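Scroll down for the structure; my scribbles are underneath it.
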Amino acid sequence: MLSRTCLLCFAFFLVLSPIARSLEPEPFAPATTGLLFTMEGSNTIGAHLAPTWAEEWLTAKGATGVSIEPSEKDNEYRILGRNGLNPVYIDIHAHGSTTGFAGLLAKTADIAMASRAIKSSEVESLAADNGDMLDFSAEHVVAIDGLAVIVHPANRIDSLTVSQIQQIFAGEIRNWIDVGGANRPITVYARDDKSGTYDTFKSLVLKKTHKLVASAGRYESNDNLSDSVAADPSGIGFVGLASVRSAKPVAVSEARTVALLPEKIHVATEDYPLSRRLFMYTPETVTDPNILEFLKFAQGSAGQAVVEKIGFVSQNPVSMKIPDLNGPNEYQALKDYAERLSVNFRFQPGKANLDNKALHDISRLVDYVKSLPGEPLHVQLVGFSNPEDSDNRADVLSKLRASKVKIELFRNGLTTAPIMGFGSDVLVANDNGNTSAKNERVEVWLFNPNNKRAMPTKTTASNY
């Protein structure tokens, strides 16, 4: 159990975080006309999600006759409407995440769309003119996606390990019979080099040890890739969650973890091995009110409803019963009296600070709990850690993480139940013995305080 002194010392280092809540769009000023801003980058975001956001935001601001107009160039769009007699529009160029950061550098883009986190080299190259690209005001997590590994609908393979996927896409496994399938050669399909989807796949699957097989078919579009796999009994590919279409997704596992399908609950909590965040990046300091308002719209409840409609995973919290849990008895007992929220709080790499998504999730969680009708439910925070030098250290770190979230929620007007921490007992990521920052997380559960089964035990719960 954490001592009161330890927790107070830990709290001393906390700083107030700039939590941003939803903002209703204000009507356009009568004189507003012309290009409002330009978005460049990820096709995953730019193909459907960003145009739909732009369309709904323009409409919410009072624009009439709003439409999405394709350009003569593939994957470029103009979302056009009228502010009275004046045309107003947003341009979107969706040629891959790398092109978004290049657009910020060249000042052709106001917003970079990225289906991967910004690279350190990009942070450095953009710093002079754009400020700190990792700052809360510059990095915006706008949706959660899962990289679905897809096969032909008739393929009898239902699950693969990350290692098997790696070997298939590197050309080391060339026949389906080697992973339990039919005696049929494997045909590999992949996104092109400019794609953030491909960058994420390289990072999560191929890593630095493997290269994509040279014979792989390459695609700029997720949808086109998916349709090609669905038409090829030998095919395997990877796409964003919204582009599975008529192909068949397989469950994915890592060492010491359970195979998970890219279902929304697994992706929303980022427990699915191939889950990822979708981002928008702006300069650290933005003064254009249209850009600021659009970002808040996209991250707010209305914008996240668009995320769900398009087929990605919303960051709006939802609760659900979990039928089965692995782990200590006290953790497994949660399924009997509590519901889990589709929110996991995570932290900046190598630090104790909540990451930028978690800072937004604080306000989302507070708003969600306060909106629940009827008898108030209690919030149970459950911390986890990577394996450490000792079980005791892992246990302490898991409680410290839960305490961090507890304090931030309290600052925002939400009191929570005594925390729980289970160290490294329940890993969600562990590839070939390597630990992952994904394990350093805080789960959120809701329960009725009048349920006698909801009382935490002295061995796992802190009175803080």
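Every number here is computed from the coordinates shown, using simple stated rules; none is lab data. All figures in this text were calculated on a predicted structure; none of them were measured in a lab. Glycine also receives a Cβ, built like all others from the backbone with ideal geometry; neighbour counts cover every protein chain displayed.
Quote the charge dipole size of the stretch 89-239 about the Cα centre in Debye, to the nearest 20; the model charges only the Cβ of Lys and Arg (+1) and of Asp and Glu (-1). Don't jump to the answer; show the numbers that get you there.
Numbers: 13 positive and 19 negative charges, 147 e Å.
Charge dipole of the stretch 89-239: 700 debye, to the nearest 20.
Jot down the per residue volume, in cubic angstrom and as a whole number, of the convex hull over the alpha-carbon atoms of the chain.
158
Quick check: residue separation of Leu372 and Asn451 times 0.36 nm, minus the Cα distance between them. What number comes out in nm?
On the way: separation 79, 0.36 × 79 = 28.44 nm, distance 1.78 nm.
Stretched fully, the Leu372-Asn451 segment lengthens by 26.7 nm.
Between Val258 and Asp129, with labels modelled 7 Å along Cα→Cβ, what's the label distance in nm to one decimal, could you check?
5.0
To the nearest 0.05, what FRET efficiency results for Thr285 and Arg184 with a Förster distance of 45 Å applied to their C-beta separation? Mind showing how you got there, number by number?
Details: r = 55 Å, r/R0 = 1.23.
E between Thr285 and Arg184, to the nearest 0.05, is 0.20.
With +1 on each Lys and Arg Cβ and -1 on each Asp and Glu Cβ, how big is the dipole of the chain about its Cα centre, in debye rounded to the nearest 20? Provide the component values of the computation, followed by the final result.
Values: 46 positive and 53 negative charges, 224 e Å.
For this selection, approximately 1080 debye.
Which entries in the list Lys370/Lys404; Lys208/Lys296; Lys194/Lys438; Lys73/Lys202 go over 30 Å, if you measure between the two C-alpha atoms of each? Spell out each step's value before the answer.
Numbers: Lys370/Lys404 20 Å; Lys208/Lys296 36 Å; Lys194/Lys438 26 Å; Lys73/Lys202 28 Å.
As for pairs spanning more than 30 Å Cα to Cα, those are Lys208/Lys296.
Enter the Cα centre distance for the pair the stretch 59-124 and the stretch 311-362, rounded to the nearest angstrom.
Using only Cα atoms to place each centre, the spacing works out to 32 Å.
In percent, how large is the relative contact order of the chain, given Cα pairs closer than 8 Å and 6 or more residues apart? Please list the in-between numbers first.
Values: 1014 pairs, mean separation 76.9, N = 464.
Taking the mean separation of contacting Cα pairs over the length of the chain, I get 17 percent.
Could you tell me the calculated FRET efficiency between Arg218 and Ala437, based on Cβ-Cβ distance and R0 = 22 angstrom, to the nearest 0.05? Spell out each step's value before the answer.
Working: r = 30 Å, r/R0 = 1.37.
Step by step, r from the Cβ atoms, then E = 0.15.
So what are the radius of gyration and Dmax for the Cα set of the stretch 322-433, in Å?
14.5, 47
Show me the three semi-axes of the equivalent ellipsoid for the stretch 45-133, from the C-alpha gyration tensor (sqrt of 5 times each eigenvalue), largest first, rounded to whole Å. Please list the in-between numbers first.
Working: eigenvalues 152, 39, 24 Å².
So the three semi-axes of the stretch 45-133 are 28, 14, 11 Å.
Let me know the volume per residue of the alpha-carbon convex hull for the stretch 253-369, in Å³. Could you put the intermediate results ahead of the total?
Working: hull volume 17.6 nm³, N = 117.
Cα-based convex hull of the stretch 253-369, divided per residue, equals 150 Å³.
Distance between the C-alpha centers of the stretch 286-301 and the stretch 195-215? Whole Å please.
33
Taking 0.36 nm per intervening residue step and subtracting the Cα-Cα distance, what contour gain separates Ser120 from Tyr337 on full extension? It would help to have the intermediate numbers written out before the result.
Working: separation 217, 0.36 × 217 = 78.12 nm, distance 4.39 nm.
Here the answer is 73.7 nm.
Using Cα positions and a limit of under 16 Å, work out the aspartates and glutamates in reach of Lys309, with same-chain residues fewer than 8 apart set aside.
Glu55, Glu56, Asp145, Glu263
Once the Cβ-Cβ distance between Ser246 and Asn392 is put in as r, and R0 is 41 Å, what FRET efficiency do you end up with, to the nearest 0.05? Show your work: numbers first, answer last.
Working: r = 51 Å, r/R0 = 1.24.
It comes to 0.20.
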